[in-house]
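Data first, discussion second: the structure below is written as structure tokens.
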Amino acid sequence: MAKKRLFVIDGNWYLHRVFHTLKTSRPIEDVLPMNFLQLVLKDACAVRATHILVAFDGPKVFRYDVYPLYKANRSEKEKKGVDEDGEGGQDVYSCLPQVRDLFAKCGLTLVQHKKYEADDFWASAAVQYSGQGFIVVGGGKDKDGYQVLGEHIKLYDSSAKPEPRWITADVAEKSKGVPVAKMVMYQTLLGDAIDNIPKILTPAKARAICLKFKTIKEALQNAEPEIRKILREKQAQLVINRQLVELKKDLALPDVEALKPPKVQLKDMPRSWYAHQELCYPKSKGLFRK
């Protein structure tokens, strides 16, 4: 019997991808939600998902309280789309209410908590649902997600060229040069320029510390003098970095049976919706068809 597969989607990443490639003269609130849903369903079919969960970042993520400069380097351009003339469009999240309405109509679950990020939901779902016998696939490519990869937990990057790629624990370990179990330690030492998390050590030195010592505390006591000096000077930042990079694994999640797409014929959808379902999913006619 095939294992059940839960597809956990980073809604922020998917919405940005759709928004920044949108070319239309129609009102964006009419087009973007449907295109977003189509991308979610396309990838859900590609990974053979039996259950779907879409997660979004909250507006008041706790990491900003830990470090006010968290993601302070993000520009306004990252929050804006591009219209047909190449000029700045509206805010990428302006259509989120319509996305919510569409997903509710389809019977799909979308979660958002004001204090947590989509990655926190990914890590929590990966740990909790894999323990219930699910294969858990994350729709995303963020290296933060590497820290929970395992035998039944992997990422699916549908944006990769020339074709989508799977990121397994083996792939992540080969890429970063450290075991998955040491990813949090590695990220703590390395920081993250994209999220404006300060760098403590270079990638090579951070990797060497992770491979030689079990913990940063052990490295503080036994590493070579030069490294010990750096770590001691940066102890306060190390504590902050750890809180920023380590994903939450204990968030309250929906009952897994509520994440199964309902097998019903959706009504009052645009004609293009049915045509798209017939074209892309000729055997199943889409995830919603009985």
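The values are calculated or read from the model by the stated rules, or taken from the named source; none is laboratory data. What you are looking at is a predicted structure, and each value in this text was computed from that prediction instead of being measured. So basically every Cβ, Gly included, is an ideal-geometry build from the backbone, and we count neighbours across all protein chains shown.
Annotations
- Against the list (1) loosely packed, with under 14 Cβ neighbours inside 10 Å; (2) at pLDDT 95 or above, the condition Thr24 fails is (2).
- Test for Leu253: is it outside any helix (DSSP H, G or I), of a type outside the set (Asp, Glu) and in contact (Cβ under 8 Å) with a residue 40 or more places away in the chain: yes
- You will find that of Thr188, Thr215, Thr202, the residue that is of a type in the set (Ser, Thr, Tyr) and within 21 Å of Ala118 (Cβ to Cβ) is Thr188 and no other.
- Close pairs (8 angstrom Cβ cut-off, 6 or more residues apart or separate chains): of a type in the set (Phe, Trp, Tyr) in the stretch 159-177, at pLDDT 95 or above anywhere: Trp166/Lys154; Trp166/Leu155; Trp166/Tyr156; Trp166/Asp157
- Being of a type outside the set (Val, Ile, Thr) and assigned to a loop (DSSP other than H, G, I, E, B) holds for only one residue in Tyr70, Tyr64, Tyr14, and it is Tyr70.
- Residue ID - surrounded by the fewest Cβ atoms within 10 Å (Cβ to Cβ), chosen from residues in the stretch 201-257 that are within 24 Å of Ala123 (Cα to Cα) and among the basic types (Lys, Arg): Lys214
- If the condition is being closer than 12 Å to Leu238 by Cβ and of a type outside the set (Ser, Thr, Tyr), then the stretch 185-201 contributes Met185, Gln187, Leu189, Leu190, Gly191, Ile197, Pro198, Lys199, Ile200, Leu201.
- Residues (part of a loop (DSSP other than H, G, I, E, B) and among the aliphatic types (A, V, I, L, M)) located in the stretch 139-182: Leu149, Ala160, Val178
- Selection status of Pro198, over 26 Å from Asp142 (Cα atoms) and either in contact (Cβ under 8 Å) with a residue 24 or more places away in the chain or not assigned by TED's automatic domain parsing to the domain that holds Val127 (or both): no
- The one condition in (1) modelled with pLDDT under 95; (2) over 27 Å from Ile240 (Cβ atoms); (3) not β-branched (Val, Ile, Thr) that Lys141 fails to fulfil: (2)
- Checking Met185 against (1) surrounded by 15 or more Cβ atoms within 10 Å (Cβ to Cβ); (2) in a loop (DSSP other than H, G, I, E, B); (3) not assigned by TED's automatic domain parsing to the domain that holds Tyr70, the condition it does not meet: (2)
- Matching residues in the stretch 135-182 - criterion: being of a type in the set (D, E, K, R), over 24 Å from Val40 (Cα atoms) and surrounded by 18 or more Cβ atoms within 10 Å (Cβ to Cβ): Lys176, Lys182
- Meets criteria (crowded, with 17+ Cβ neighbours inside 10 Å and more than 17 Å from Asp57 (Cα to Cα)) for Ile9: no
- Of all residues in the stretch 30-52, at least one satisfies being at pLDDT below 95, in contact with a strand residue (DSSP E or B) (Cβ under 7 Å, 6 or more places away or on another chain), outside any helix (DSSP H, G or I) and surrounded by fewer than 17 Cβ atoms within 10 Å (Cβ to Cβ).
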